[in-house]
Amino acid sequence: MDLEHEITRLKKDLNAVILAHYYQESEIQDVADFVGDSLALAQQAEKTTADVIVFCGVHFMAETAKILNPNKLVLLPDLDAGCSLSDRCPPGPFKAFKDKHPDHFVVTYVNSSAAVKALSDVIVTSSNAVKIVSKIDKDKKILFAPDQHLGRYVMKQTGRDMVLWPGACMVHEIFSEKLLVQLKVHHPEAEIIAHPECEAPVLAHADYIGSTKQLLEYTQSSPKQSFIVVTEAGIIHQMQLKSPGKTFIPAPPDNGCACNECPHMRLNTLEKLYRCMKDKTPKLDLPPPLREAAYAPLKRMLEWS
Ligand code: 13P
Ligand code: SF4
């Protein structure tokens, strides 16, 4: 079966839009209507006029689309596509942590469950976290969750002190500083570009730090011809498409593999995408009270962006 052809046909039949994150496998990126980072995908989800949103990303991203579109059908090719960062911040312990800091303004990374978002004052993504934290009144204390590395990076950029939830992403925390330095020795001409979810010793070597979309745009505008890419390797597909003459070298993780892929993101496949559109399942549902509680901090993020 020509899966790409069938997916395009189903897209018309359902009046669906396919949104895909940069960490999806390249075949999925190529059939998507829109490929983006977490913020751009949320913005697309907010403004789409399609009846059905097919979200090729992880659970919290599809949840975000549903929070913004309670009356639309939101499909996710594999409902088990979770996120290690989100999983390490369950709502019960997060509520207890928040209660210990009652006078703090709660800033939560979008890589979190709807229940954690519902306990927050504002949501951020990796592309707007610095901007949003800078907007918070100087006399307000801030609690930031769940990614401690992004939190530390934001503290450095904004000069604001923040109480951090001790979370991390399993993909970004296994980049090896030692192997990165060795790679740079072999490719001294290459610029190192990194996602802010990486640990501080890795970020210290970066020539540029940004969200997936910002990294992609940087590779387009930089006069350099080669880049060591310190984030999930899926983004390299778009980098190659946008700058075919340039060289992109995936930074190695500390587990013996040459490149670093998110096991959650990679649960989605072209075949599962086809099946979910054909069967209109698995679909994402949220109880209305939870959706409404998570909507306010998410909407605030979209307004402040
Ligand atoms: P972006 O905000 O760059 O899309 O990052 C999403 C993500 O999951 C990073 O691990
Ligand atoms: Fe979550 Fe990390 Fe995968 Fe992003 S790369 S979805 S933060 S586990």
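The values are calculated or read from the model by the stated rules, or taken from the named source; none is laboratory data. A quick note: this is a predicted structure, and the numbers were derived from the prediction, not measured. Methodologically, a virtual Cβ is constructed for each residue, glycine included, from the backbone with ideal geometry; neighbour enumeration extends over all protein chains shown. Just so you know, the surface numbers come from the protein's heavy atoms only, side chains and all, with ligands and any DNA or RNA stripped out. Shrake-Rupley method; radii C 1.70, N 1.55, O 1.52, S 1.80 Å.
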Task: Top-ranked residue of the range 1-27 - restricted to ones that are more than 21 Å from Met265 (Cβ to Cβ) and outside any helix (DSSP H, G or I), ranked as modelled with the lowest pLDDT - done: Met1
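Is it fair to say Ala204 is more than 17 Å from the chain's Cα centre (by Cα) and open to solvent by 10 Å² or more (accessible area, probe 1.4 Å)? Step through it out loud before you land on a result.
Values: more than 17 Å from the chain's Cα centre (by Cα): yes; open to solvent by 10 Å² or more (accessible area, probe 1.4 Å): yes.
The answer is yes for Ala204.
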- [ ] List the number of the failed condition for Leu180; all other conditions in (1) more than 12 Å from ligand 1 (Cβ to nearest atom); (2) farther than 12 Å from Ala251 by Cα; (3) out of contact with any strand residue (DSSP E or B) (no Cβ under 6 Å at 6 or more places or on another chain); (4) not hydroxyl-bearing (Ser, Thr, Tyr) hold.
- [x] (2)
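Kindly evaluate Lys95 against the criterion of being more than 19 Å from Leu290 (Cα to Cα) and open to solvent by 10 Å² or more (accessible area, probe 1.4 Å). Please lay out each step first, then the result.
Working: more than 19 Å from Leu290 (Cα to Cα): no; open to solvent by 10 Å² or more (accessible area, probe 1.4 Å): yes.
The answer is no for Lys95.
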TODO: Within the range 271-305, track down each residue that is over 20 Å from the mean Cα position of the chain (by Cα) and under 19 Å from Glu4 (Cα atoms).
DONE: Glu271, Lys272, Tyr274, Arg275, Cys276, Met277, Lys278, Asp279, Lys280, Thr281
TODO: Please note which helices (runs of 4 or more DSSP H) are completely contained in the range 52-160 and include at least 3 residues that are of a type in the set (A, V, I, L, M).
DONE: 59-68, 114-117, 129-135, 148-158
- [ ] Name every residue in the range 156-184 that is among the β-branched types (Val, Ile, Thr) and over 21 Å from Cys89 (Cα atoms), in order of residue number.
- [x] Thr158, Val181
TODO: Just name the residue that is nearest to Ser26 (Cα to Cα) out of those in the range 221-238 that are in a helix (DSSP H, G or I) and within 16 Å of ligand 2 (Cβ to nearest atom).
DONE: His237
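Step by step: first the residues of the range 239-260, then only those that are assigned to a loop (DSSP other than H, G, I, E, B) and at pLDDT 95 or above, then the one that is surrounded by the most Cβ atoms within 10 Å (Cβ to Cβ). Which residue is that? Explain how you work it out, then say what you get.
Filtering the range 239-260 down to residues assigned to a loop (DSSP other than H, G, I, E, B) leaves 243-246, 251-252, 254-260.
With at pLDDT 95 or above added as a condition, the list becomes 243-246, 251.
Working: Ser243: 17, Pro244: 7, Gly245: 6, Lys246: 15, Ala251: 25.
Among those that are assigned to a loop (DSSP other than H, G, I, E, B) and at pLDDT 95 or above, it is Ala251.
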Open item on the list: Tally up the residues in the range 33-43 that are in contact (Cβ under 8 Å) with a residue 24 or more places away in the chain and surrounded by fewer than 19 Cβ atoms within 10 Å (Cβ to Cβ), please.
Closed with: 1
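Give Tyr218, Tyr153, Tyr208 a once-over and let me know the one that is farther than 27 Å from Gly92 by Cβ, within 16 Å of ligand 2 (Cβ to nearest atom) and either touching a residue at least 24 places away in the same chain (Cβ under 8 Å) or not acidic (Asp, Glu) (or both).
On the way: Tyr218 fails: within 16 Å of ligand 2 (Cβ to nearest atom); Tyr208 fails: within 16 Å of ligand 2 (Cβ to nearest atom).
Exactly one of Tyr218, Tyr153, Tyr208 is farther than 27 Å from Gly92 by Cβ, within 16 Å of ligand 2 (Cβ to nearest atom) and either touching a residue at least 24 places away in the same chain (Cβ under 8 Å) or not acidic (Asp, Glu) (or both), namely Tyr153.
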Task: Filtered residues of the range 28-45 (kept if away from ligand 1 (no atom under 16 Å from the Cβ) and in a helix (DSSP H, G or I)) - done: Asp30, Val31
Task: Pairs, first within 16 Å of ligand 2 (Cβ to nearest atom) in the range 265-288, second open to solvent by 60 Å² or more (accessible area, probe 1.4 Å), C-beta under 7 Å, six or more apart - done: Leu267/Asp80
Open item on the list: Residue pairs, Cβ under 9 Å, 6 or more apart or interchain, first in the range 71-100 and more than 17 Å from Arg266 (Cα to Cα), second open to solvent by 50 Å² or more (accessible area, probe 1.4 Å). List them.
Closed with: Lys72/Asp51; Leu73/Asp51; Leu73/Lys280; Leu73/Lys283; Val74/Lys283; Val74/Asp285; Arg88/Pro166; Arg88/Met170
Task: Selection from the range 4-29 of residues that are open to solvent by 10 Å² or more (accessible area, probe 1.4 Å) and either in contact with a His (Cβ under 8 Å, 6 or more places away or on another chain) or not charged (D, E, K, R) (or both) - done: His5, Thr8, Leu10, Leu14, Asn15, Ala16, Val17, Tyr22, Tyr23, Ser26
Open item on the list: The conditions are (1) surrounded by fewer than 18 Cβ atoms within 10 Å (Cβ to Cβ); (2) away from ligand 2 (no atom under 16 Å from the Cβ); (3) closer than 29 Å to Arg291 by Cα, and Pro166 fails exactly one of them. Which is it?
Closed with: (2)
Task: Residue check for Pro77: open to solvent by 20 Å² or more (accessible area, probe 1.4 Å), modelled with pLDDT of 95 or more and more than 14 Å from ligand 2 (Cβ to nearest atom) - done: no
